[in-house]
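The values are calculated or read from the model by the stated rules, or taken from the named source; none is laboratory data. Bear in mind that the values here come from a model prediction, so they are computed numbers and not experimental data. When we count neighbours, we look across all protein chains shown, and the Cβ atoms used for this are built from the backbone with ideal geometry, even at glycine. Only protein heavy atoms, including side chains, enter the accessible area calculation; ligands, DNA and RNA are left aside. Shrake-Rupley method; radii C 1.70, N 1.55, O 1.52, S 1.80 Å.
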Amino acid sequence: MSWVTAVWSMNAAACLTFAGFYFAVWCKQRQSPAYLLFSCSAIAAAAISAFELWMLNSKTVEQYELLVRWIHVPTFVLTLSFVAFVRRYLRAGRAWLAWSIYGLRTLVLILNFISAVSINFTAITNIRQFSWGGQLVSVPVGTPSPWGLLSSVSLLLLLIFSIDATITVWRRGDRRRALLIGGSMIFGAMLAWHVPLVIWGILDVPFFLGFTYTAIVAVMGYELSNDVARAAGLARELEISEKRLNLAADSANLGMWEWDIVRDEIWITDKGRAMLGFDSSEKLDFDRFRSRLHTDDRESVLKAVDSSLGAGAEYQSEYRVVLPDGQVRWIAGRGHVEFDGDGKPVRMRGASVDITQRKLAELEAARHRNEMAHLSRVTTAGELSGSLAHELNRPLGAILSNADAAQMLLESKEPPLNELREIVSQIRKNDLRADETIRRIRALLHKREVQMQPVDLHETIADVFRLVAGDALKRHVLLRREFAAGIPLVFADRVYLQQVLLNLIVNGMDAMNDTSEPKQIKVQTKQNGNDSVEVSVTDSGRGIAPDKLPRIFESFFTTKKEGMGLGLSIARSIIQAHQGRIWVENTPSSGARFHFSLQIAENKNLAGQEPAYATYKS
């Protein structure tokens, strides 16, 4: 076998390998026509290589005439599939150029078969053989046909189309594909001009269109291979995400469910079945689900379902279920309805969560609030027990607000799992904060060390805003922040600083309970020289009576009916322990403005330094 035969054969085999692989891919992904178009291009390139090999080894004029006529078929297929591939895969190339190429190549193919020899030759008079790379190859000798100019024009249009598509892809920002695919097509369209030059006798070389087009096919295959690899990576990530979703659902005690409304069949996860008291193999429909509902809650649940099915509203409901053993559980359900083309409900998907513990916690919290109200009337209670009750109320309230926020997120069509994870994390953090609050208040009162370190003041304020956002929403209070630029870190205990801010903000919201709209809390920061940073908390309430201003920070002195008179006293102790100061004034319009200042952390404490400590007492 000569090297010419070997090279052209390997070229054709490589194209057929590409074609077979991506045809198999297309069979599994029929929604991606780019794979089919690529397979057509690769098969056509292989056929062109085969025709060229036969032409190189042709011995008679008749044989050459037959080959030069039929090579236009794979050329037609390859040109059209190239253009369609660019249009579908790269989403580039002007439509009118594409249709011009389609029409012109079709005309060329028709004229090719109605001509005496082919569209390239009016006659082939002889076969000339010459040595090329040590091998004898055949080229035609004949009279070029003027209709062959149509083929040259189609090549020119293909070149213009390739340049236009490349520019579009480049401007879109996908420069790698512009360079690889667009660049290879431009280079291939230019090399293809050797064909008319050989026909006109200007070049004395054999036809090598197959190699030109194989190079383009190879580049296209490389890009598609990257897409396949990327798709495989995305599939693995999706599988991991699904596992994380299941883990998150289990961790959050979520029961995922789907109701096929047309068939009246309910699919539900094992966690959901256990939550509602159903066996793992029990067939479920809506009537079976309804039988589990507490008699007092059935009507409200049915109304919520009817509203969702009728108006397309998000389904949401809290209800009790009675288990076979008589146990009663509270369940919160959220779901979304899907409709068919005629607007009829066909499916509802959603999730349910066991909120029994939350309901019990709410009852327990109500009982604690009653105890706190009673405690406020007991003048003999010591500052320690009062401080603990006062400070623990903040993280408990934050936990409840986060639980409410989680309920609101579950109302969405696709609950944001990252935010739900963050909420669960915040609930845990607030639980730990409650424990740390007890330890640190004891340390405060017993003159033990409290950790001090550089703290980002704006970040701390933002955390506090998140904690009170739910309470502010319920009270119709607007929370505003006006932060000065370039505020440095302050030297503080982050937990205690949050307690001060929480106390001032909540007191401000309490002060606006009996005022008309609008209600707002504004927190501002500014730097006082090079030594301290000042924070102010302003409300739009009625202000503080002038005769009460001097006593506002005294222990057990309060302006609220149910207040204990400890919050501002503790806040003053904390700020003073930070070597700062706290004061209050009435604003000129209305409301009160609390100020406190903190020392700026020195640069030497910011990097590579152990946390500093301070000892103080209330």
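Structure notes:
- Max-minus-min Cα coordinates of segment 451-578 on each principal axis give 39, 30, 24 Å, with the largest extent listed first.
- For segment 469-530, chymotrypsin sites (Phe, Trp or Tyr not before Pro) are listed when DSSP marks them as loop and at most 15 other Cβ atoms sit within 10 Å of their Cβ; the list is F483.
- Net lengthening on full extension, A123/V141 (0.36 nm per residue, minus Cα-Cα): 5.6 nm
- Exposure ranking of T122, T214 by accessible area [1.4 Å probe, largest first]: T122, T214
- Take every Cα pair under 8 Å whose residues are at least 6 apart in sequence, average their separation, divide by the length of segment 52-150, and the relative contact order is 30 percent.
- Inter-label distance, D279 to E364: 3.5 nm, where each label sits 7 Å from its Cα along the C-beta direction.
- 32 Å Cα-Cα threshold exceeded, pairs from K413/K474; K303/K519; K271/K429; K474/K548: K303/K519
- Measuring r between the beta carbons of Q29 and S307 and using R0 = 56 Å, the FRET efficiency lands at 0.90.
- Distribution of pairwise C-alpha distances over segment 72-138, 5 Å bins, in %: 3, 15, 17, 14, 13, 13, 11, 9, 6, 0
- Loop-resident trypsin sites (Lys or Arg not before Pro) (DSSP state other than H, G, I, E or B) in segment 261-339 with no more than 13 further Cβ atoms inside 10 Å of their Cβ: R263, K283.
- Length gained on full extension, V205 to R288: 21.7 nm, using 0.36 nm per residue less the C-alpha separation.
- Extending 7 Å from Cα along the Cβ direction at E299 and again at S590 yields two label points whose distance is 4.2 nm.
- In terms of packing, defined here as the mean over residues of other Cβ atoms within 10 angstrom, the peptides 13-21, 513-521, 39-47 line up highest first as 39-47, 13-21, 513-521.
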